[in-house]
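Student: Just passing along the structure, written as C-alpha cells.
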Amino acid sequence: MRNKLKIALCFFLALSALPLAARQPQDAAAPAQQPKPQLTPEMRGDILMARRMYREAIEAYQSVNPPTAVILNKIGIAYQQLGDLNMAQKMYERALKLNKKYAEAINNIGTVHYARKSYRRAISAYRKALALNPDSASIYSNLGTAYFARRDYRRAIECYEKAISLDPDVFERRGTQGVLLQERSVEERAKFHYHLAKVYAKNGRNDLALFYIRKSLEEGFKEKKRYLEENEFAELRKLPEFEEIMKIEPRVL
C-alpha cells in the first residue's frame, strides 16, 4: 500500500512540475501578437501634418530619397502652412518638373499667387489645373474665391455652383473661414455668405441656405430685401425658420 502511495505522489509532483502552457488545452493557447506595421517616412510626414507639426513633417518628407512629385508637393504645402511662400512655390515647381500634368501642384501654385494678392495669376493657375482635372470641386472653389476677390461675383457664383454640383459638401469640408474671409472686410464676408446662401438655395440645400442667410445678416448684410424678393429664395420664404431669421436686424458696421 505504501509503495502505491509513493508512486501516486511521485506522479502528482511530476505533473505539477510541468510548465503551465504544457498542461493547458491546445485551444487555450495565448494568441500570437501581430507585428506592428512599419511607418514609412511619408506616413510619418502625413501624421505630423495632421498634428500641425509642419517643420517636423518637412524633415520626414525630406528623408524620402529620391523625392517624388507627390512628396515635393507635400513639402510645399508644409512650407505654405509655415508662411514661407517662396519655398512653397519652389517645391511646387520642382514637383511639376517631375510631373508636368500634376494638377494639384498647379492648383497650389495658384494658392501662392492668391496669398500674394496676385489674383489674375491665381485664376490662370486654377484654370490650368482644371484643364487637367475638370472634376475637382476644390479647384473650382479656389477659382471662385479668386473671382470673388476681384469682385467678379457672377463668375464666382458660377464656380461655386459647379463646385457644389461636383461635391455637395465641398464648402462644409473646407470651411468658409479660409484665406479669403480672413483678408476681406466684415462687409465683404457678409456679401460672400449671401452669395453662398443663394447657391445652396438654388441647389435645394435649405438647411445650409438658412444657415448662411443668418450668418450674412449677423455680419451686417445691408440688402435684406434680396432674401424677400429674389426667386432663388422663394421656397425658403415658405418656411417658419425663414420668418424667424428675417426678424434679425442687420449688424451695424
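The values are calculated or read from the model by the stated rules, or taken from the named source; none is laboratory data. The model shown is predicted, which means the values in this text are computed figures rather than measured ones. Using ideal geometry, Cβ is built from the backbone for each residue, glycine included, and neighbour counts are taken over all protein chains shown.
Student: Can you tell me how many residues in the stretch 128-149 are out of contact with any Gly (no Cβ under 9 Å at 6 or more places or on another chain) and either in a helix (DSSP H, G or I) or basic (Lys, Arg) (or both)?
Tutor: Qualifying residue count, the stretch 128-149: 11.
Student: Out of all the residues in the stretch 64-106, which are surrounded by fewer than 20 Cβ atoms within 10 Å (Cβ to Cβ), among the polar types (S, T, N, Q) and under 22 Å from Ala50 (Cβ atoms)?
Tutor: Thr68, Gln81 - these are the residues of the stretch 64-106 that are surrounded by fewer than 20 Cβ atoms within 10 Å (Cβ to Cβ), among the polar types (S, T, N, Q) and under 22 Å from Ala50 (Cβ atoms).
Student: Please verify whether the stretch 212-226 includes one or more residues that are on the phi > 0 side of the Ramachandran plot and either surrounded by fewer than 16 Cβ atoms within 10 Å (Cβ to Cβ) or more than 23 Å from the chain's Cα centre (by Cα) (or both).
Tutor: Yes, there is a match, as at least one residue in the stretch 212-226 is on the phi > 0 side of the Ramachandran plot and either surrounded by fewer than 16 Cβ atoms within 10 Å (Cβ to Cβ) or more than 23 Å from the chain's Cα centre (by Cα) (or both).
Student: I would also like to ask the following. Taking the condition modelled with pLDDT of 95 or more and among the acidic types (Asp, Glu), does Asp135 pass? If you could, list the steps in order and put the result at the bottom.
Tutor: Details: modelled with pLDDT of 95 or more: yes; among the acidic types (Asp, Glu): yes.
So Asp135 fits the description; yes.
Student: Same structure, new question: Within the stretch 52-59, is even one residue in a helix (DSSP H, G or I), in contact with a Gly (Cβ under 6 Å, 6 or more places away or on another chain) and touching a residue at least 12 places away in the same chain (Cβ under 8 Å)? So that I can check it myself, show each step before the final result.
Tutor: Within the stretch 52-59, the subset in a helix (DSSP H, G or I) is 54-59.
Within this subset, residues satisfying the condition of being in contact with a Gly (Cβ under 6 Å, 6 or more places away or on another chain) are 57.
Now narrow it down to the ones that are touching a residue at least 12 places away in the same chain (Cβ under 8 Å): 57.
Within the stretch 52-59 (the criterion being in a helix (DSSP H, G or I), in contact with a Gly (Cβ under 6 Å, 6 or more places away or on another chain) and touching a residue at least 12 places away in the same chain (Cβ under 8 Å)), the answer is yes, since at least one residue qualifies.
Student: Would you confirm, using the coordinates I've provided, whether Ile109 is of a type in the set (Val, Ile, Thr), within 22 Å of Arg52 (Cα to Cα), in contact (Cβ under 8 Å) with a residue 12 or more places away in the chain and not in a loop (DSSP other than H, G, I, E, B)?
Tutor: yes
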